[in-house]
Amino acid sequence: MKVKAVLLYPIFVIILGVLFLLLKPYTNGGNLLLISFLIVFIYSLLAGRRIDRLRKIHNKTKNDYMIGHSRKDGAINGMLDLSIDLVYIIEVKNEELYITSVNKSFLKMFGLSKRKVIGSKVVELLNSEIADKCLQVIEKQSSVDFLSNVSFPLEQTHLDTSIFPFEYLNGKPRYLVCVSKIISGRKQAEELVKETENHFQFITENATDIIVKLASDSTFLYVSPIIEKIIGVKPKDILYEYSLFDLIHPDDHKQCLDFFEKMQQSDEISAVSYRAIRVDGSIIWLESTGKRIQQEGEMEFICITRDATERKVLEERIREANQRLEYLSYVDELTKVGNRRKFDLALKKEGQKAISLTVLMFDIDCFKEYNDLYGHVLGDSCLISVANIVQSTVNECNAEVFRYGGEEFIVLYPESSNDEAVRLGKQIIDAVCSLKIPHQSSSVSNVVTVSVGLVTIEKSENIFDPYNIIDYADKALYSAKNAGKNQVRVYEEKAIII
């Protein structure tokens, strides 16, 4: 507007020059000059007022635009604050990433004021991983989902983050919208179901969890779009072609039905884990939390469901690893029979419940000489063979063998009589001899043999002490060794007998 007003001055000067030439023959120079001055003065006043008016219109238009823009930003911020996820907008400026807007959840988690956050670089406030993901979105011009670890004032927290590009400039995203979900517990799901219906629509359209609204008869009223990514079924197909249990694994129908009935009977939030069947036939694990609500006098249900497949797989691997670790902690690494630690636990357990208990202690005769002659490799092989044959022998009697140390083994035989124990001891000796493992340096035989010492304790006896039983069996074994090896000796309170 200013430019147009200024351009009128040269045009006016030309017109004034033409009038001066036309009026000059009829007036003297002084009057003509005065008239010209008056005309210029009047025009200047009129032009100045016109310019001031144009300026006011321009400034008003600019102020209205700024107010409208501010209101628009305020509306956006208001919508962002409705989400319990961490939502923040990043501006791409001069190949740098700056945070330009955040919601209340973001500020609360970081414990910072909005003034300190706005304008901060992503790599400085968050971490380089998130910054790299933002650059990846800019380069590929498509959204990305990933897990990251962010340090907050009180703790380190894992975030499940989604980044979306929007508002393009020169073919590249000018802004990025980031939504980060805190992976811990079910607080997020519990708070989501408490949101009002007005907030509900906004959240469900952008959430990475499946949000479902059910009628009292379990028919679908609403399903969030993310279900297509997780289950493989479009929301409109869910609403019109599927019932609630069509997507659930048949073996988990009962627990899901119990979950639905629990929601019907209580205002508390209920939870359930179950398997679902994708359209392609694959099985995934889902976790749902839900509660009942009153909507226009009708009972309805809000459920939030997330894909728990990766976590379930991880939990199963951890469980298997723990089982393996427990197995290794109770098993002798060489012979694969129970170790001394497992024996101690078994002895304590059987000592508390068994009416009678027998402990048989045996070791390989002249084993040091065997190792000296044949070497430790064959010595280990000999121990493995003896352990295996004895384990097979005692299994028939509901007994168990343990490696007590070196070439020494213990058999725990609950609910047995003295005669049964002696019979088992002789079976052990015969089983080892049947292996016919050569032993040229033995003073007993030309094959590997064992000596057995045992003690049988009745619960009524005063000497029934699990820890003394080992000592008694060891004394009986020592007696068998001194008597010539390759035999069974039984401990009694006052004597050691065959």
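The values are calculated or read from the model by the stated rules, or taken from the named source; none is laboratory data. Everything quoted here is computed from the prediction, not taken from an experiment. All Cβ positions, even for glycine, are placed from backbone atoms using ideal geometry, and neighbour counts span all protein chains on display.
Some points to look at:
- Here Phe367 passes the criteria (1) in contact with a helix residue (DSSP H, G or I) (Cβ under 8 Å, 6 or more places away or on another chain); (2) surrounded by 19 or more Cβ atoms within 10 Å (Cβ to Cβ); (3) farther than 21 Å from Ala431 by Cα except the one numbered (3).
- Of the strands (runs of 3 or more DSSP E) entirely within segment 88-172, those holding at least 2 residues that are over 27 Å from Asp307 (Cβ atoms) and free of Cβ contacts under 8 Å to residues at least 12 places away in the same chain occupy 156-169.
- Here the condition is being surrounded by fewer than 12 Cβ atoms within 10 Å (Cβ to Cβ) and free of Cβ contacts under 8 Å to residues at least 24 places away in the same chain; of Glu241, Glu228, it holds for Glu241 alone.
- Whichever residue in segment 380-414 is touching a strand residue (DSSP E or B) at 6+ places or on another chain (Cβ under 9 Å), outside any strand (DSSP E or B) and hydrophobic (A, V, I, L, M, F, W, C) and, among such residues, is surrounded by the fewest Cβ atoms within 10 Å (Cβ to Cβ): Cys397
- Per the listing Ile269, Ile284, the residue uniquely surrounded by 14 or more Cβ atoms within 10 Å (Cβ to Cβ), over 13 Å from Lys213 (Cα atoms) and without any contact (Cβ under 8 Å) to a residue 60 or more places away in the chain is Ile284.
- Candidates Ala321, Ala346, filtered to the one that is among the small types (Gly, Ala, Ser), surrounded by fewer than 17 Cβ atoms within 10 Å (Cβ to Cβ) and part of a helix (DSSP H, G or I): Ala321
- Residue within segment 354-362 that is assigned to a loop (DSSP other than H, G, I, E, B) and either under 23 Å from Ser443 (Cβ atoms) or not assigned by TED's automatic domain parsing to the domain that holds Tyr467 (or both) present: no
- The set of residues from segment 415-462 being charged (D, E, K, R) and either part of a helix (DSSP H, G or I) or in contact with a Phe, Trp or Tyr (Cβ under 9 Å, 6 or more places away or on another chain) (or both) comprises Asp419, Glu420, Arg423, Lys426, Asp430, Glu458.
This table checks each residue for (1) more than 43 Å from the chain's Cα centre (by Cα); (2) more than 28 Å from Leu435 (Cα to Cα).
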| residue | (1), (2) |
| --- | --- |
| Leu334 | no, no |
| Gly338 | no, no |
| Ala346 | no, yes |
| Gln352 | no, yes |
| Leu357 | yes, yes |
| Met361 | yes, no |
| His376 | yes, no |
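- Given (1) closer than 24 Å to Asp246 by Cβ; (2) at pLDDT 85 or above, index of the condition Leu357 fails: (1)
Condition check ((1) among the charged types (D, E, K, R); (2) more than 24 Å from Ala483 (Cβ to Cβ); (3) touching a His at 6+ places or on another chain (Cβ under 7 Å); (4) in contact (Cβ under 8 Å) with a residue 60 or more places away in the chain) across all residues:
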| position | (1), (2), (3), (4) |
| --- | --- |
| Lys348 | yes, yes, no, yes |
| Tyr370 | no, no, yes, yes |
| Asp380 | yes, yes, no, no |
| Thr393 | no, no, no, no |
| Pro414 | no, yes, no, yes |
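- Residues in segment 210-225 that are buried (at least 17 other Cβ atoms within 10 Å of the Cβ) and β-branched (Val, Ile, Thr): Ile210, Ile211, Val212, Val223.
- Summed over segment 76-107, the residues that are touching a strand residue (DSSP E or B) at 6+ places or on another chain (Cβ under 9 Å), surrounded by fewer than 20 Cβ atoms within 10 Å (Cβ to Cβ) and charged (D, E, K, R) give a count of 4.
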